[in-house]
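Working notes for the structure below.
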Amino acid sequence: MNTTEQPATRTPGQRGSLFTRLRSYFVFVPIVYLYTGVMGTLALVASLFNGTSAVQHWFARTWSTIILKTIAVRVRVVGQEHLKGIPHAVYAANHLSALDIPVLYSSLPETFHIMAKQELFRYPFLGWYLKRSGQIPIVDGDPHASLRSLNRAGEALRNGVPLVVFPEGGRSKTGELQAFMGGAFFVAIRAQVPVVPMAIVGTYERLPINSFHILTGEVVLAIGEPIPTTGLRVRDMEKLSAQVRQAIAALYDAQAPRITQSNTAPVGVK
């Protein structure tokens with residue numbers, strides 16, 4: 001992700017072929033919805049008998065793995081050794097695609113919670129899973145609700161459960177890294193836990209926002225060295241945010257050349 005140049009952008013019409021489009025609409029997408037309905041129902045039923053995070057996480061990991069295998073998207077993890085010896089942390093990742101969550105669930109080795117937009121909690125099956133599994137909603141425009149969510153996130157961290165966040169607040173429409181929101185870094189500083197930068201590379205090319213046209217191929221989850229917050233205060237949020245953003249951009253730059261696809265233009269940072 002180049003930090004100085006404005007990249008070329010692409011439209012969904014420039015991706016793939018008529019065959020890949022028809023395959024997505026009539027094979028991949030219906031199967032993904034089927035998996036989501038079945039696994040969501042099973043996870044909901046299981047939560048009535050065993051509501052532990054580990055059980056719910058197993059369903060999410062299984063759902064993610066099945067989906068990625070079905071659509072022939074392979075995940076290569078780089079830098080997983082950086083997670084060793086960290087009891088709990090905030091995992092901060094860029095957000096390019098609806099595939100990002102399956103990539104994280106299928107690749108990260110332990111149970112974690114996700115801070116997700118409140119709208120997702122209203123969807124059938126997905127929203128039910130998010131509520132029953134203890135995921136944390138991000139509430140826009142309500143300072144009191146936002147503070148409650150941040151406090152819940154901090155409590156989870158103190159209980160030893162890692163937290164996954166997308167600091168951009170939503171998926172990138174252009175493939176470029178967007179400005180970061182401060183909530184995740186507030187939580188990390190308050191809990192005095194490290195922030196682990198993660199770059200997801202290739203999911204924008206496979207499935208950009210506002211598209212159902214899925215392309216097969218490889219994606220990368222690049223994990224960087226943890227950034228400590230020991231001794232930082234809330235007033236250091238902006239500095240920490242900039243440091244994490246730069247680390248994610250560097251991780252992306254290191255892996256992007258390895259992701260090959262015809263008609264793919266560079267993806268960068270504004």
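A few notes on this one:
- Positive contributions from Lys and Arg (+1) and negative ones from Asp and Glu (-1), summed over other residues with Cβ under 12 Å from the Cβ of LEU130, come out at +3.
- Part-to-part distance (alpha-carbon centres) for segment 49-117 and segment 165-205, which is given in Å: 15 Å
- Charge dipole (the chain, unit charges on Cβ, about Cα centre) - positive-most of VAL201, PRO124, ILE223: PRO124
- Neighbour counts of other Cβ atoms within 10 Å put ILE248, ILE223 in the fewest-to-most order ILE223, ILE248.
- Those aspartates and glutamates that a straight Cα-Cα span of less than 16 Å connects to LYS131, excepting residues fewer than 8 apart in one chain: GLU119
- For segment 25-124, the list of trypsin sites (Lys or Arg not before Pro) that fall in a loop by DSSP and count at most 15 other C-beta atoms within 10 angstrom reads LYS84.
- Of the trypsin sites (Lys or Arg not before Pro) found in segment 205-264, those that fall in a DSSP loop while having at most 13 other beta-carbon atoms within 10 Å are ARG233.
- Taking other Cβ atoms within 10 Å as a rough exposure proxy, THR229, THR174, THR41 sort from fewest to most as THR41, THR174, THR229.
- Segment 82-188: C-alpha gyration tensor shape, a/c 1.5 cut-off, then a/b vs b/c: rounded
We did not get these values from a lab; they are worked out from the coordinates using the rules stated. None of these values were measured; they are calculated from a predicted model. Backbone-built Cβ (ideal geometry, glycine too); neighbour counts: all protein chains shown.
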